[in-house]
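Quick notes on the structure that follows.
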Amino acid sequence: MTDHNDGVSRRKVLECMTWAGTGVLWTISGGVPHSLGLVDETMAADAKGLTFLQISDSHMGFDKPANPNAKGTLEEAITRIKAFPVKPSFMIHTGDITHLSKVSEFDDAEKIISQAKLDVHYVPGEHDLIDPEIKIYKERYGRGTKGSGYYSFDANGVHFLGLVNVANLKGGGMGSLGDEQLEWIEDDLKGRSASTPIVVFAHIPLWSLYPAWGWGTEDSERALGYMKRFGSVTVLNGHIHQVMQKVEGNVTFHTARSTAFPQPAPGTAPSAGPMKVPDDKLRTMLGTASVTFKQGEQRLAIIDTPLQS
Amino acid sequence: MNFARQVALGAIAGLVAIAIMAASPAGAAEIEVKIDNFTYNPMKITVKAGTIVTWTNHDDIPHTVTSKTMLFKSNALDTDDKFSFTFATPGTYEYFCALHPHMTGSIVVDASAGR
């Protein structure tokens, strides 16, 4: 938030402070994370290089007690994104756009998310592939993608891979990328300089976060093996509706909040699933993330921002 | 295959179908499997041939009932949605949730057992 000649209303200032004061900034140097504490607006505004946003698990169509108005909270998230002090380059959506893969749910998501006026790079969640013919997601978001919807692109010298680990799942297993996609990943990374920062995004966590609840991807090790030689790898996921982070060597794993409903922390409930919390707590457990790369430095900053602190 | 033989086979198939239809309304056992907290309950159950098994999803998240061999496959079941399948042939039928594949269950169909 910089100077405005027309003056800034008190309400506006408070809104910005909410934005700025609720995220924790992590920097990664040499694979070691340092929390720099609460982000203030100066740091957010100073960010040079590439900043993009992650939204996840909007579950359009969800109307159960855990959040009867998932549309409303997605709208709130987008309103906050529009007020972000630094205009992000684009957005990624890490899946579960809809709850039941209905056309009307995809329509609602599009109507709301497009108001951010940013390019959005999607990957599907398991909830986006449950229409009987499994074709709506692919028709809407799959143009130019391979297999069930995976692809790569470059932005500001950073190489992005959007992966699908929710298709053709096998009984008794967890998330799965499958041989065809794994071969494509190996091929896609071949010949790239090890100094290229890599960002991988997919719906289900690409690490064994909590296998008892299926929170992991059974063949993610092979995918990560192809990324070992890169100096900076960032893995962004959704699915679990809460923030979790792990650093392993040069790889940072991070999961984002949902905009629809919270889920319990691993092992704290009989199962995963929508968690009902007191109404005044709900928005503290929903939110979005922003990710910033500074050019020339192997470090990134991930700021998780709840809808309400 | 000549025409007469096709007609004969068709007639036999028809008779068998009528026999099955006649047998099921009176004798068919019905079993409920509840889906609760990402679990099929009971997870494993033995039934006699001809039993109709009905799954009901009590979770606030959709699940499916998907046979490992694709013999049966429900659509995504939203809260309180049901899916039924008639198990006519003895054998073990393993199934899982195609959305949350760590959820598994099995139906054992026994020619003689059951109730």
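No value in this document is a laboratory result; all are computed from the given coordinates. The model shown is predicted, which means the values in this text are computed figures rather than measured ones. Every residue, glycine as well, gets a Cβ built from its backbone with ideal geometry; the counts of neighbours run over all protein chains shown.
Numbers for the structure displayed
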{"read-out": "Computed FRET value (nearest 0.05) for residue A:183 with residue A:154, which takes r as the C-beta separation and R₀ as 22 Å", "value": "0.60"}
{"read-out": "At most 15 other Cβ within 10 Å, DSSP loop - GluC sites (Glu not before Pro), the stretch A:111-186", "value": "A:133"}
{"read-out": "Mean Cβ neighbour count within 10 Å, used as a protection proxy, ranking A:241-251, A:71-81 highest first", "value": "A:71-81, A:241-251"}
{"read-out": "Peptide B:96-108, shielding by other chains (average Cβ, 10 Å cutoff)", "value": "5"}
{"read-out": "Mean-position separation - Cα centroids, the stretch A:168-202 and the stretch A:49-96, in angstrom", "value": "25 Å"}
{"read-out": "Shielding by partners - mean other protein chain Cβ count within 10 Å, residues of A:261-270", "value": "1"}
{"read-out": "Percentage relative contact order, the stretch A:22-306, counting C-alpha pairs under 8 Å, at least six apart", "value": "23 percent"}
{"read-out": "Selection from B:96, B:74, B:46 lying farthest towards where the dipole of the stretch B:28-110 points positive, charges on Cβ", "value": "B:46"}
{"read-out": "Cross-link table A:102/A:281; A:102/A:146; A:102/B:34; A:71/B:34; A:102/A:246; A:135/B:68, entries beyond 27 Å C-alpha to C-alpha", "value": "A:102/A:281; A:71/B:34; A:102/A:246"}
{"read-out": "Magnitude of the charge dipole, the stretch B:28-110, Cβ model with Lys/Arg +1 and Asp/Glu -1, debye to 20", "value": "360 debye"}
{"read-out": "Inter-chain Cβ neighbour average for residues A:81-91, partner chain, 10 Å", "value": "0"}
